[in-house]
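Just below is one structure, and these are the notes that go with it.
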Amino acid sequence: DQQVKQNSPSLSVQEGRISILNCDYTNSMFDYFLWYKKYPAEGPTFLISISSIKDKNEDGRFTVFLNKSAKHLSLHIVPSQPGDSAVYFCAARAQNNDMRFGAGTRLTVKP
Amino acid sequence: NAGVMQNPRHLVRRRGQEARLRCSPMKGHSHVYWYRQLPEEGLKFMVYLQKENIIDESGMPKERFSAEFPKEGPSILRIQQVVRGDSAAYFCASSGEAGNTIYFGEGSWLTVV
């Protein structure tokens, strides 16, 4: 059941540049989208979210974009920092509170 | 710290034994989710519970796995007759009634030897 897909298992960017992580979903019942960041041996931590009524949400260096017609969202990190190196999970929530995650993208920010 | 609490953090079981993983949600949260992460893989949904009810268990293997979230006490994920393939990190998360955001615990690492 691959309702949420992150097709890039890994991404490597240079410090100071922009990181763009992508996510696609198939279920039109999803109305809330979230990004989580995960370090090894730790639980995922919430990063940023967006409601389906919006197309952009910004929080400091992090911006999430939502394209409902394409069922696509992306997370932009700018400028990228070495401390941003982690696995990023995209998640989608339906109105019944069911939550599904993508497989994750491992971001490496090189100094 | 009123975050999501999971215990044990690490659990070693021999094949055929039972594993019980506990999750105390954040204070005021009544929705609990369990996810499993196999080595080198993403978070796989297992089950979604509200107090005393299983809402969605579509991600749970049909045999040997069960989950509960009683009126009092933590949520428990129970794995009977564990096999090596059950070795994974099990994450619990919780959200409130109008929970748009779910918050994760630190995870429980199960190793089956």
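The values are calculated or read from the model by the stated rules, or taken from the named source; none is laboratory data. If you're wondering where the values come from, they're calculated on a predicted model, not measured in any experiment. As a convention, Cβ positions derive from the backbone with ideal geometry for all residues, glycine included, and neighbour counts pool all protein chains shown. The area values use the complete protein model at the heavy-atom level, side chains included, leaving out ligands, DNA and RNA. Shrake-Rupley method; radii C 1.70, N 1.55, O 1.52, S 1.80 Å.
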Using a 1.4 angstrom probe, figure out how much accessible area the protein assembly as shown has per residue, in square angstrom, rounded to the nearest whole.
-> 49 Å²
Rounded to the nearest 0.05, what FRET efficiency do A:D31 and B:S30 give with R0 = 22 Å and r taken as the Cβ-Cβ distance? Could you check?
-> 0.65
In Å² (nearest 100), what accessible area is buried between B and A, both sides summed, heavy protein atoms only, 1.4 Å probe?
-> 1700 Å²
How about segment B:1-48: which GluC sites (Glu not before Pro) there are in a DSSP loop, with at most 10 other Cβ atoms within 10 Å of their Cβ?
-> B:E40
Chain A: D in µm²/s via Stokes-Einstein (Kirkwood Rh, Cα pairs, 25 °C, 0.890 mPa s)?
-> 176 µm²/s
Once every Cα of the protein assembly as shown carries one equal point scatterer and solvent is ignored, give the base-10 log of I(q)/I(0) from the Debye formula at q = 0.10, 0.12, 0.16, 0.17 Å⁻¹, two decimals.
-> -0.45, -0.64, -1.10, -1.21
Provide the per-residue ³J(HN,Hα) series for segment A:85-93, in order, calculated from phi with Karplus coefficients 6.51, -1.76, 1.60 and θ = phi - 60°, each as a whole number of Hz, with x at glycine and proline positions.
-> 4, 5, 9, 10, 10, 8, 9, 10, 10
Got the relative contact order for segment A:27-111 handy, in percent, Cα pairs under 8 Å and 6 or more residues apart?
-> 29 percent
For A:K54, counting only lysines whose alpha-carbon sits under 16 Å away and dropping same-chain residues fewer than eight positions off, the answer is A:K68, A:K71
Karplus couplings for segment B:20-35 from phi (6.51 cos²θ - 1.76 cosθ + 1.60, θ = phi - 60°), rounded to Hz, Gly and Pro as x?
-> 10, 10, 10, 9, 9, x, 4, 4, x, 8, 10, 10, 10, 10, 10, 10
Normalising by the residue count of chain B, find the relative contact order in percent from Cα pairs under 8 Å and 6+ residues apart.
-> 37 percent
Using the Kirkwood radius over Cα pairs, work out the Stokes-Einstein diffusion coefficient for chain B at 4 °C and 1.567 mPa s, in µm²/s as a whole number.
-> 93 µm²/s
Return the average number of partner chain Cβ atoms within 10 angstrom of each residue Cβ along peptide B:40-49.
-> 5
Residues of type aspartates and glutamates that B:K71 reaches as a straight line, Cα spacing below 13 Å, ignoring anything fewer than 8 places off in the same chain | B:E52
